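The values are calculated or read from the model by the stated rules, or taken from the named source; none is laboratory data. Owing to the predicted nature of the structure, the values given are computational and were not obtained by experimental measurement. We place every Cβ from the backbone using ideal geometry, glycine too, and count neighbours over all the protein chains shown. For accessibility, only protein heavy atoms count, side chains too; no ligands or nucleic acids. Shrake-Rupley method; radii C 1.70, N 1.55, O 1.52, S 1.80 Å.
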Amino acid sequence: MRRLLVRIAVLGAVLACSTAARDPILVPEISQHEVVVRTGFTGADLLLYGAVLQPDGTRAAQGANYDIIVVLKGPSQAISLREKKRRLGMWINADNASYRSAPSFYALASSRPLDDVTDAKTRAIYELGLDWLQLSPIGSIEQSEQDHFAAGLVKKRVAGGLYRQDETGVTISQGVLYQARIPLPSNVITGRYRAETFAVRDGRVVASATSEVTVAKRGFERAIEVWSHEDALLYGIAAVLLSVGMGWVAGRLFALA
């Protein structure tokens, strides 16, 4: 919170000379800018908070009635989806679809339901909500089929805790300070995560701001990850030998018991 107050004071001093624009400004902050993944990592809770200020750095006008939407996105990744269908009594891979980029993690929190805050066009432009994620399919695919696979991807990742949408997850105090808690599950991938905050008034996005969170491995876990990427063949052989060795040891222990 101290960092937030310092940033507010600095911005107030810089912007005090110019009040021509009437739209507000956002001063965002995150409880931690780095999440370290180690053995036994069970997830983390991020607090995204900040303030809505006037262009001159003073508090927002009374009765301004801003809504706040916070979005946290993980690194994009290519993904292939396959749908299993039952044929001749067996489950086999049938239809499939591939996408160039899909968020590995997506979480949205808003001060009110999105339908009450803004319209569908604005939500599509800013990707506000799970229904408006912009996936990039590879090759030609019918729109109905694309929607079918996109819905399946969202459903699967919601079940895994990687996608979430909380339309009452942002609290606003005195029309100025806002905060939202977003949990990171244990199965998040490493990389840079982008936090986007939007201030909405009368259905229009009047201000936005971004910040970053890094999810990284450190120590032994980081060394193993680097090894697996830089020398995949040797890493694979070592993993197989380790598995065989542990199996042999376990078998000997059971034989002696």
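Summary of values
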item: Single match in V205, V244, V213 (criterion: modelled with pLDDT of 70 or more and open to solvent by 60 Å² or more (accessible area, probe 1.4 Å)); result: V244
item: Residue satisfying condition, being modelled with pLDDT under 90 and either of a type outside the set (D, E) or open to solvent by 30 Å² or more (accessible area, probe 1.4 Å) (or both), within set V6, V35, V71; result: V6
item: Residue in region 146-156 that is part of a helix (DSSP H, G or I) and among the aromatic types (F, W, Y) present; result: yes
item: Region 175-186, subset surrounded by fewer than 21 Cβ atoms within 10 Å (Cβ to Cβ) and aliphatic (A, V, I, L, M), residue nearest to L47 (Cα to Cα); result: L177
item: Among (1) modelled with pLDDT under 90; (2) out of contact with any strand residue (DSSP E or B) (no Cβ under 6 Å at 6 or more places or on another chain); (3) within 29 Å of A44 (Cα to Cα), the one test that I189 misses; result: (1)
item: Residue within region 130-140 that is without any contact (Cβ under 8 Å) to a residue 60 or more places away in the chain, under 22 Å from S76 (Cα atoms), aromatic (F, W, Y) and open to solvent by less than 80 Å² (accessible area, probe 1.4 Å) present; result: no
